[in-house]
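This report concerns only the one structure given below.
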Amino acid sequence: MDARKMEYKGIVMSYGVGAKMQYPHRMIIMVPGAIPSEARGLVGSTVAWPYDDPKIYGRITRFHGVRKGYLLATFKKGLPGDSIGKAVKITKKEV
């Protein structure tokens, strides 16, 4: 069996926020051009920031929202504030 890797480009939209706190290790990510059903298929994929030379890695944990196809990613180390609006690399393994 040969495992293929599908790569997507995502954009960091914001931190995950609660009523009183923001969580720098949780980021909301948008995949441009993806409809919500395609974005749901990326849950469990690996996320790397920055796009060109990845240094921080995370995983897409769940779908965020209903109509826009946003994803919630969790990183072990929080992303810096200047990552908002920048690109991330999403890698999904196909079997």
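Read-outs: derived from the displayed coordinates by stated rules, not from any lab. Quick caveat, the model's predicted, so the values are computed rather than measured. Cβ coordinates were reconstructed from backbone atoms using ideal geometry, including for glycine residues, and neighbour counts include every protein chain displayed.
Points to keep in mind about this one:
Each row is one residue, and each column tells you yes or no for (1) among the hydrophobic types (A, V, I, L, M, F, W, C); (2) in contact with a Lys or Arg (Cβ under 9 Å, 6 or more places away or on another chain).
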| position | (1), (2) |
| --- | --- |
| R4 | no, yes |
| R62 | no, no |
| R67 | no, no |
| L71 | yes, yes |
| E94 | no, yes |
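- Per-region count, segment 19-44, residues farther than 16 Å from G78 by Cα and not basic (K, R): 15
- Taken over segment 60-95, the criterion of being surrounded by 17 or more Cβ atoms within 10 Å (Cβ to Cβ) and among the hydroxyl-bearing types (S, T, Y) is satisfied by Y70, S83.
- Residues that are exposed (fewer than 12 other Cβ atoms within 10 Å of the Cβ) and assigned to a strand (DSSP E or B) within segment 8-47 comprise V17, Q22, listed in sequence order.
- Y57 among the hydroxyl-bearing types (S, T, Y), within 21 Å of E94 (Cα to Cα) and buried (at least 17 other Cβ atoms within 10 Å of the Cβ): no
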